[in-house]
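Undergrad: Could you have a look at this structure, given as C-alpha cells, before my questions?
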Amino acid sequence: MNKIIKGDQVLVIAGKDKGKKGQVVRVMGDKVVVEGVNVVKRHQKPNPIRGVEGGIVTKNMPLNISNVAIFNPETNKADRIGIKLVEEEGKVKRVRVFKSTGSAVGA
C-alpha cells in the first residue's frame, strides 16, 4: 500500500516550490504529479492527427515522492504516514494513519 495516493493533499518540503500545497493528480512509482506545483513551459509541435495545437504549453512535471509530505488538516502541518491493521467483519484491512495524531487519513 502506497503512503501517498491520488487525491491526497500534500505539502512540498524540498525544492524550488518548497512550502506549496496541492492535490496529487497522479502517482508514478516513486514520483508524484501535484496540481499547481513544479509548473514548467514546454514548446510543443502541432499534431493535426491528435488535434493538438502547437505553441508554448504549461504543464505539471513530476516530483520525487520524497520531496512531498502529506498535509494533516487537524494540525495544519506536514505529517508522516503509518499503516495500521484493522479487523472488520473477520477480514484484516490496512488503514493509513497520521503518525502524530493516530487518526485515519481521509476520515
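Undergrad: If I filter region 39-46 for residues that are out of contact with any Cys (no Cβ under 6 Å at 6 or more places or on another chain), in a strand (DSSP E or B), open to solvent by less than 80 Å² (accessible area, probe 1.4 Å) and within 16 Å of Gly7 (Cα to Cα), do I get at least one hit?
TA: no
Undergrad: Return yes or no: is Asn67 in contact with a Gly (Cβ under 6 Å, 6 or more places away or on another chain) and surrounded by 11 or more Cβ atoms within 10 Å (Cβ to Cβ)? Can you show your working first?
TA: Details: in contact with a Gly (Cβ under 6 Å, 6 or more places away or on another chain): yes; surrounded by 11 or more Cβ atoms within 10 Å (Cβ to Cβ): yes.
Judged against the criteria, Asn67 is a match.
Undergrad: A further question follows. Pull up region 58-73, narrow it to residues that are in a loop (DSSP other than H, G, I, E, B) and without any contact (Cβ under 8 Å) to a residue 40 or more places away in the chain, then point me to the one that is nearest to Lys3 (Cα to Cα).
TA: Filtering first and then ranking leaves Pro62.
Undergrad: Between Gly51, Gly55, which is open to solvent by less than 80 Å² (accessible area, probe 1.4 Å), farther than 24 Å from Lys84 by Cα and either without any contact (Cβ under 8 Å) to a residue 12 or more places away in the chain or of a type in the set (Phe, Trp, Tyr) (or both)?
TA: Gly51
Undergrad: I would also like to ask the following. Name the single residue that is nearest to Pro62 (Cα to Cα) among those in region 8-28 being without any contact (Cβ under 8 Å) to a residue 24 or more places away in the chain and of a type in the set (Gly, Ala, Ser).
TA: If we take residues in region 8-28 being without any contact (Cβ under 8 Å) to a residue 24 or more places away in the chain and of a type in the set (Gly, Ala, Ser), then Gly22 is nearest to Pro62 (Cα to Cα).
Undergrad: Can you pull out the residues in region 81-100 that are open to solvent by 60 Å² or more (accessible area, probe 1.4 Å) and in contact (Cβ under 8 Å) with a residue 24 or more places away in the chain?
TA: Those that are open to solvent by 60 Å² or more (accessible area, probe 1.4 Å) and in contact (Cβ under 8 Å) with a residue 24 or more places away in the chain: Ile83, Arg94, Ser100.
The values are calculated or read from the model by the stated rules, or taken from the named source; none is laboratory data. The structure presented is a predicted model; accordingly, all values stated were derived computationally and were not measured. Because the Cβ atoms are built from the backbone with ideal geometry, glycine has one as well, and the counts that use them run over all protein chains shown. Accessible surface areas use protein heavy atoms only, side chains included; no ligands, DNA or RNA. Shrake-Rupley method; radii C 1.70, N 1.55, O 1.52, S 1.80 Å.
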